[in-house]
Each structure stands twice: as C-alpha cells, then as structure tokens.
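Have a look at the structure below before the remarks.
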Amino acid sequence: MVMSNAEILVPSAAGSRSWKSGKTSRANFRGAEARGPIIDQDGREIPQESLGSRFGGFDFAHSAANPFGDLTREQRLARLDAIAKLLDIAFILPGTKIRYGVDGIVGLIPVVGGIIATALSLWLVREARALGAPWHITARMLGNVAIQGVVGTVPVAGDAFDVLFRANMRNVQLLRRWMDRQPR
C-alpha cells in the first residue's frame with residue numbers, strides 16, 4: 001500500500017505524532033519486547049523459546065565469537081607469554097642485537113604512549129590474578145609495571161629504559177615460575 005504525502009504528514013485519527021499538529025503517540029512500547037519475528041543473517045525466523053534474556057540469546061562466553069572463552073591454564077599462560085613477547089621483544093633493531101616491542105614504540109608518544117603501555121602491562125597483571133596468582137606475585141608484578149611506568153616518563157632515558165627493562169617478560173616469568181611450583 002502506497003501512502004501519499006498528505007497521509008504521511010497528517011495521519012488519520014490514530015493519534016500518532018503529526019508533523020503539523022505536534023501531537024504525541026498513545027502507543028505503549030516496551031524496550032525489551034520484540035516487535036516482530038527475529039530473523040537471523042540467512043533470513044530464517046528464530047523461534048522465541050530459543051532466545052535467552054541476555055544479548056538476544058547469545059552466550060558469548062562459550063561461543064566461537066569469543067576466542068578466549070574456554071582456555072586451559074596452560075593456554076592462557078601461553079597467550080600471556082605471546083603478548084609479553086609482542087610488547088617487549090617482537091622486533092630487532094637493524095644492525096644490532098637490541099630487541100624492542102610494541103611497548104617501546106608506543107612509549108615514544110609523549111604522555112599518552114606511557115599511559116597506553118602501562119595499561120597493557122596492567123592487563124597482564126589482571127590476567128595473572130585471574131589465573132590465581134597470590135598477592136605476593138601480583139605485588140611484584142605491579143612493582144615491575146610501576147618501575148617501568150615511572151621511569152618511562154623521563155623523555156629520552158625512559159624510552160631506552162623501557163626497551164631494556166622488559167617488565168612484561170619479567171612478569172610472565174614470575175607467573176610461570178609460580179605456576180610450575182603449583183600442583184596440577
């Protein structure tokens with residue numbers, strides 16, 4: 001059915017908002033309620049009973065959409081090790097044996113770079129805590145991050161210190177040594 005412009009701008013007595021009159025609608029919509037069938041990306045209707053209440057029925061913690069959902073402790077530790085290597089020793093300075101990572105590159109940006117680098121390092125500490133690291137291991141890891149963060153604020157010497165200190169690699173080594181001593 002095609003509507004004319006007059007019908008769109010001046011609707012019938014349905015009480016919906018009119019462009020000219022300024023009336024408001026009497027409709028009672030609830031935000032969480034679906035207003036029709038829910039269709040997936042292939043055009044098929046999803047039955048209401050298969051939908052959960054959170055996130056439209058999707059369980060992101062145990063789905064393929066979350067690549068880190070169900071990892072073992074060893075897999076999580078391997079992931080932390082890979083991230084620490086990326087942050088601290090991913091690249092080699094050409095013509096030398098000096099290794100640096102994304103942390104050293106981002107740290108070159110004044111103020112914001114140091115904040116980003118420290119946030120990435122703190123994420124590693126948070127993951128260690130999620131793995132069950134005790135307070136004394138976590139405190140040592142936070143100390144390494146604090147040293148790198150504070151000294152890294154010094155303009156040129158701090159950038160060199162960031163490359164040489166490698167707080168993230170130290171933290172993963174601390175965590176790995178603690179985990180190796182734990183019974184399985």
Length gained when the stretch residue 76-residue 153 is fully extended (0.36 nm per residue, less Cα-Cα span): 24.7 nm
Phi to ³J(HN,Hα) by Karplus 6.51 cos²θ - 1.76 cosθ + 1.60 over region 120-136, Hz, x for Gly, Pro: 5, 5, 5, 5, 4, 5, 4, 5, 5, 5, 5, 7, x, 4, x, 5, 6
Projected label distance in nm at residue 93 and residue 131, using a 7 Å step from Cα toward the beta-carbon: 2.9
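Given 0.36 nm per residue, what is the gain on full extension from residue 44 to residue 176 after removing their alpha carbon distance, in nm?
Full extension from residue 44 to residue 176 adds 42.7 nm.
Read the figures in this text as sums done on the coordinates, not as results from a lab. Because the structure is a prediction, the values reported are computed rather than measured. As a convention, Cβ positions derive from the backbone with ideal geometry for all residues, glycine included, and neighbour counts pool all protein chains shown.
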